[in-house]
Amino acid sequence: MKTDFLMRSLMFVPAHNERLMNSAVKSNADVLLLDIEDSVLPKENKQVARDMIFKYVTNGIFKNRIIFPRVNDRESGELLKDVHQLTIDGIAGFMYPKSQKGEDVYFFGKLLETIEHEKNIPIGTFKIIPLIETAGAVMNIQEICIACPNRVIAVAFGCEDFVTDLGGQHDKEGKSLFTARNMIAMGARATGVVPIDTVHINVHDLEDLERNLIISKKLGYEGMMILNPKELALCHKYYSPSEEQVEWAEEILELAVEAQKEGKGVAIKGNKFIGPPMVKMAKDILAKNELIRMKNISF
């Protein structure tokens, strides 16, 4: 499912923490993941988090921001309260944790549909970003991506739970995560869903973050979940088209249009044929650049 959301950076914010919520308002993260799940403890704080999100969104504090609360999983006893209270104007959708298989995401989609119907909200309004956190989820990635075709706009990799579930170990080179990162990116792209890379745990090691961003970009990821605002600049650098890429894309489209007008069928640049894949890549680059331009205007 194609999305018009800019998703270079998705920043987690513990929603019960007023100081961090206020800090998030000032950040330029593309998407704010207002957390009601793992970072919100003890359990009593989950209602505090819901109330805080509701207040900030309805008061217009997060106006023009893309908001995806991370809700609790279906076994928690908290999920219904999360979505019933937060299916409101100003919320784009929800990050759904512990998505093991397509059935889990289908269940969540149907829950959202029921609430939308009850509240007279257009069906399909609230989108879903499943969180891939287990070996089973990685193996089921395509099934998860197509479980709710009108809702699932992206999938995100949760490395910490994955490594624990796998019984593996983190290593400096990221070898323990490479296969899973590759499979998630390919599964997402194969189904028209945006792949979002895992968080970088060592938030103060920006050199290692940059190394991971280079790998992430090569694997086909569109963005990354982040834990700290200091990671934003590098994230946006690597997931944004460069000036050279934008110039290349504009030239490719101009040559393709010119060739079509002249009835040539195929344009040539630097002794290379400009085929449909290059034209599509150029269009994608310019579309993303336009989203970035529009965000910079409204921020």
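What is the dipole size for segment 40-110, taken about its Cα centre, with +1 at each Lys and Arg Cβ and -1 at each Asp and Glu Cβ, in debye to the nearest 20? All intermediate terms of the calculation are to be shown ahead of the outcome.
Details: 12 positive and 9 negative charges, 34 e Å.
Dipole about the Cα centre, nearest 20: 160 debye.
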- Note on the structure: Tilt, helix 102-118 to longest principal axis of the chain (alpha-carbon atoms), in degrees rounded to tens, equals 70 degrees
- Query: Given the Cα atoms of segment 1-132, and with Rh set as the inverse mean 1/r over their pairs in the Kirkwood sense, what is Rg to Rh to two decimals?
  - Reply: 0.93
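Based on the Kirkwood radius over alpha-carbon pairs, what is the Stokes-Einstein translational diffusion coefficient of segment 41-198 at 10 °C with 1.306 mPa s viscosity, in µm²/s?
In µm²/s, the coefficient is 97.
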- Message: If I stretch the segment between residue 26 and residue 142 completely, what's the gain in nm (0.36 nm per residue apart, minus their alpha carbon distance), one decimal?
- Response: 38.2 nm
- Task: List, largest first, the extents of the alpha carbons of the chain along their principal axes, each in whole Å.
- Result: 66, 47, 37
- Antiparallel DSSP bridges in the chain: what percent, to the nearest 5? 10 percent
- Rounded to 10°, Cα long-axis angle of helix 243-261 versus longest principal axis of the chain: 60 degrees
- the chain - percent of accessible surface contributed by carbon and sulfur, probe 1.4 Å: 55 percent
- Query: Can you list the aspartates and glutamates whose alpha carbon is less than 18 Å from that of residue 237, not counting same-chain residues fewer than 8 positions off?
  - Reply: 30, 197, 205, 207, 208, 210, 222, 247, 284, 290
- Item | Pair residue 260, residue 55: separation of 7 Å Cα→Cβ label points (nm) | 5.3 nm
- Message: Please compare each pair in 217/283; 98/217; 55/119; 217/295; 81/119; 63/295 to a cut-off of 23 Å on the Cα-Cα distance and tell me which ones are over it.
- Response: 98/217
- Note on the structure: Sorted by chain and then number, the residues having a modelled amide H within less than 5 Å of the amide H of residue 223, at least 5 places away or on another chain, are 197
- When only alpha-carbon atoms count, how far does segment 130-229 stretch along each of its three principal axes, as whole angstroms with the largest first? 38, 28, 22
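In nm, what is the difference between 0.36 nm times the number of residues separating residue 211 and residue 18 and their Cα-Cα distance?
On the way: separation 193, 0.36 × 193 = 69.48 nm, distance 3.27 nm.
Roughly 66.2 nm would be gained on extension.
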- Item | For the chain: accessible area per residue (Å², 1.4 Å) | 50 Å²
- Task: Starting from the alpha-carbon convex hull of segment 200-299, give the projected area averaged over all orientations, in nm².
- Result: 8.0 nm²
- Specify which residue in the list 159, 132, 279 is farthest towards the positive end of the charge dipole of the chain, using unit charges on the beta carbon of Lys, Arg (+1) and Asp, Glu (-1), about the Cα centre. 279
- Query: When the chain is fully extended, how far beyond the present Cα-Cα distance does residue 251 get from residue 172, taking 0.36 nm per residue of separation?
  - Reply: 24.4 nm
- Residue of 196, 215, 141 that the Gaussian network model of the chain assigns the largest fluctuation, springs spanning Cα pairs under 10 Å: 215
- Query: Size of the dipole of the chain about the Cα centre, Lys and Arg at +1 and Asp and Glu at -1 on the beta carbon, nothing else charged, in debye to 20?
  - Reply: 520 debye
- Message: Between 176, 27, 76, where does the largest GNM mean-square fluctuation fall for the chain, given springs only between Cα atoms within less than 10 Å?
- Response: 76
- Query: Near residue 187, within a Cβ-to-Cβ distance under 14 Å, what is the net charge of the other residues, with Lys and Arg +1 and Asp and Glu -1?
  - Reply: 0
- Item | Gaussian network model of the chain, springs between alpha carbon atoms under 10 Å - residue of 117, 236, 84 with greatest fluctuation | 117
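The values are calculated or read from the model by the stated rules, or taken from the named source; none is laboratory data. Owing to the predicted nature of the structure, the values given are computational and were not obtained by experimental measurement. Ideal geometry is used to build each Cβ from the backbone, glycine not excepted, and the neighbour counts take in all protein chains shown. Just so you know, the surface numbers come from the protein's heavy atoms only, side chains and all, with ligands and any DNA or RNA stripped out. Shrake-Rupley method; radii C 1.70, N 1.55, O 1.52, S 1.80 Å.
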